[in-house]
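Undergrad: The structure's right below; bear with me while I get my questions together.
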Amino acid sequence: MINQKLLIEKAYEAQKFSYAPYSKFNVGAALLCADGTIYTGCNIENAAYTPTNCAERTAFFKAISEGQKDFVAIAIVGHKSGTEVGKGNYCAPCAVCRQVMAEFCDLESFKVIIAKDYDDYLEYTLGELIPLAFTGKDLED
């Protein structure tokens with residue numbers, strides 16, 4: 001069972017560590033593994049832009065680098081610096097993050113929770129966010 005509010009809370013905690021001096025758009029993510037472990041991530045920008053890493057990928061890469069590969073859900077929060085919680089918009093994952101999720105998650109069961117407040121959130125399956133996803137199955141003979 002997914003505790004959406006706990007994941008959203010953890011995403012907001014991670015958002016506090018966001019390094020976004022250029023966009024001033026702070027993002028936090030909390031990734032739930034099948035064993036109940038939660039990995040968090042924040043966006044980390046770079047002056048060259050291309051090396052910037054999104055909060056979602058930060059959480060995934062942390063988890064994968066520690067041996068996790070069975071994921072249940074992710075909560076994502078994001079808004080401009082100085083914006084009060086609940087006053088911004090929903091922060092959906094970018095296409096690159098969706099592709100990373102598709103590499104490691106089941107399209108029909110993995111849940112993506114995008115929140116603009118602790119009680120105001122939307123929940124989708126990964127398949128709803130990336131229909132016709134390109135996955136490793138497409139490379140099989």
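The values are calculated or read from the model by the stated rules, or taken from the named source; none is laboratory data. Keep in mind it's a predicted model, so treat the numbers as computed, not measured. Note: ideal-geometry Cβ built from the backbone for every residue, glycine included; neighbour counts use all protein chains shown.
Yes/no per residue for (1) surrounded by 15 or more Cβ atoms within 10 Å (Cβ to Cβ); (2) under 15 Å from the mean Cα position of the chain (by Cα); (3) under 12 Å from residue 75 (Cα atoms); (4) among the hydrophobic types (A, V, I, L, M, F, W, C):
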position	(1), (2), (3), (4)
95	no, yes, no, yes
104	yes, yes, no, yes
110	yes, yes, yes, yes
115	yes, yes, yes, yes
123	no, yes, yes, no
131	no, no, no, no
136	no, no, no, no
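Undergrad: Name the residues in the stretch 118-141 that are in contact with a strand residue (DSSP E or B) (Cβ under 9 Å, 6 or more places away or on another chain) and not aromatic (Phe, Trp, Tyr), would you?
TA: Residues satisfying the conditions are 122, 123, 125, 126, 128, 129.
Undergrad: Now a separate question. Checking the condition in contact with a strand residue (DSSP E or B) (Cβ under 9 Å, 6 or more places away or on another chain), acidic (Asp, Glu) and farther than 26 Å from residue 132 by Cβ, which residue from 108, 56, 66 passes?
TA: 66
Undergrad: Still on this model: Looking at 53, 46, can you tell me which residue is surrounded by fewer than 17 Cβ atoms within 10 Å (Cβ to Cβ), under 21 Å from residue 21 (Cβ atoms) and not acidic (Asp, Glu)?
TA: None of the others qualify; the one that does is 46.
Undergrad: Another question about this same structure. Please list, ordered by residue number, the strands (runs of 3 or more DSSP E) wholly in the stretch 39-139 having 2 or more residues that are closer than 21 Å to residue 12 by Cβ and modelled with pLDDT under 95.
TA: Hits in the stretch 39-139: 71-80.
Undergrad: Then there's this: Only one of these is among the hydroxyl-bearing types (Ser, Thr, Tyr) and surrounded by fewer than 17 Cβ atoms within 10 Å (Cβ to Cβ): 19, 39. Name it.
TA: Exactly one residue qualifies, and that residue is 19.
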